[in-house]
1. Using only Cα positions of region 1-69, each an equal point scatterer, no hydration layer, compute I(q)/I(0) via Debye at q = 0.15 Å⁻¹ and quote the log10 values to two decimals.
2. Given H placed 1.01 Å from N in the peptide plane, which residues other than close sequence neighbours of Arg32 have an amide H under 5 Å from its amide H?
3. Report the Rg/Rh value for region 70-129, based on alpha-carbon coordinates and the Kirkwood definition of Rh.
4. Quick one: what are the phi-derived ³J(HN,Hα) couplings along region 153-166, Karplus 6.51/-1.76/1.60 with θ = phi - 60°, whole Hz, x for glycine and proline?
5. Quick check on region 269-392: what are the equivalent-ellipsoid semi-axes from the Cα gyration tensor, as sqrt(5λ), descending, whole Å?
6. Quick check for region 9-148: number of Lys pairs with alpha-carbon distance under 30 Å, counting only pairs 8 or more apart or on different chains?
7. Can you give me the C-alpha center-to-center distance between region 16-46 and region 254-299, rounded to a whole angstrom?
8. Taking the Cα-to-Cβ direction at Gln348 and at Ala61 and moving 7 Å from each Cα, how far apart do the two end points lie in nm?
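Every read-out reported here was derived from the displayed coordinates using simple, explicitly stated rules and does not represent laboratory data. Keep in mind the model is a prediction, meaning the values are calculated, not measured. All Cβ positions, glycine included, derive from the backbone under ideal geometry; neighbour counts span all protein chains shown.
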Amino acid sequence: MTLNDKNYDYLIVGAGPFGSIFAYEAAKRGKRSLIIEKRAHIAGNMYTHTDHGITVHDFGAHIFHTDNKEVWDYIRQFAEFNGYQNQVVANYKGTLYNLPFNMNTFYEMWGTKTPAEAKAKIEEQKAAALTDLGDREPRNLEEQAISLIGTDIYEKLIKGYTEKQWGRKATELPAFIIKRLPVRFIYDNNYFNHRYQGIPIGGYTQIFEKMLDNDLIDVRLNSDFFEHKDEYIAEFPRILYTGMIDQFFDYKFGELEYRSLRFEHEVIDSDNYQGNSVINYTDAETPYTRVMEWKHFDGLSDDGVTIITKEYPQTWDRTKEAYYPVNDEKNTNLYKEYAKEARQHKDQFIFGGRLGQYRYFDMDQVFNAALNEVRKEFKIPSSFNFAHDEEH
Ligand code: UDP
């Protein structure tokens, strides 16, 4: 069998952001790529489609946010962005709170009105709960959360959500996960701290269509690398692989753990179902973590129909999509063995993206990592700006 029938320079496994950016930049440099994608669509988990004039994010809310100006300018070559700012409301057993943790949340929780009052409340709860913390670093997500915002917020807004999201106790999760959320002593409900934020008008899929619409790039959907792994490896001099790294190496050191998700989309005859783009259900009993109402991501007017999506966490197994790496100590150590193995084969293989690098990457971090990989591959100086195609 000849899989490399066009003398491709690269085989790229996965048509998500890492693979698509790499193919696009390689094509600019005259290199030919074949992208194979297991699923029936491009764009990976950034895939969006339009229904009733509403852009639906098939794999959960994707809000682009970054401090990286090059990445922000880069993605905006392919689409115009709206000025969306994410503001999430939490529903704990019928009572609503603003997220992330800020002066509004503290007022709703305790009636505190000044930063000094809120800080005193947090310190009091932290001292009572974490008597043995002293100067050491928090050892797990629970300790980290309590030391940042006290026990009340931990119990109502974090514990239930986190344990259903990850399917394990907060005491068995790494502390860094909760540090994704800002804690602020100002009245500011912006979910992110980044300078640039927004969503492409018309969705993300167009970005990938534009990147991949190139004579030097062929895309084959519904193509599973593992059906012909040996032939691909024999025929392609260079392979960029963005799937699960443990699967690539046939689980030789053991299986890495992932967390999966399931989405239920519903079209509803209503102008406005929940009045916000995202509502988190932070109790332990509600089986979903959050409900998205897509029209609010685009600031669309009321027109009789709305689409909502419920996000259910689920246990991962080999038949399910892997959404999140579980970066605890055990998995991190296991990943290091795979990473070492990968380095030994670096002349033929590149590993990229959330699954290839087993990292809880945000979109902008994937963009940045992909551009850096292109820099490395084509020996491009770090002063080169990909958004403007020039040195700066
Ligand atoms: N989290 C929480 N309560 C919330 C929202 C988030 O406890 O209402 C915690 C939870 O542990 C989650 C982490 O914060 O895994 C990161 O949340 P983020 O919204 O960044 O997660 P993502 O959108 O990547 O799933």
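1. Summing over Cα pairs of region 1-69 leads to -0.65.
2. It is Asp9, Tyr10, by chain and number.
3. Ratio of gyration radius to Kirkwood radius for region 70-129: 1.23.
4. My calculation for region 153-166 gives 5, 4, 5, 8, 10, 10, 4, x, 4, 5, 6, 7, 4, 9 Hz in order.
5. Result for region 269-392: semi-axes of 37, 25, 11 Å.
6. Taking region 9-148 as the scope, the lysine pair count is 9.
7. About 28 Å separates the Cα centre of region 16-46 from the one of region 254-299.
8. Taking the two extended label points, one gets 4.4 nm.
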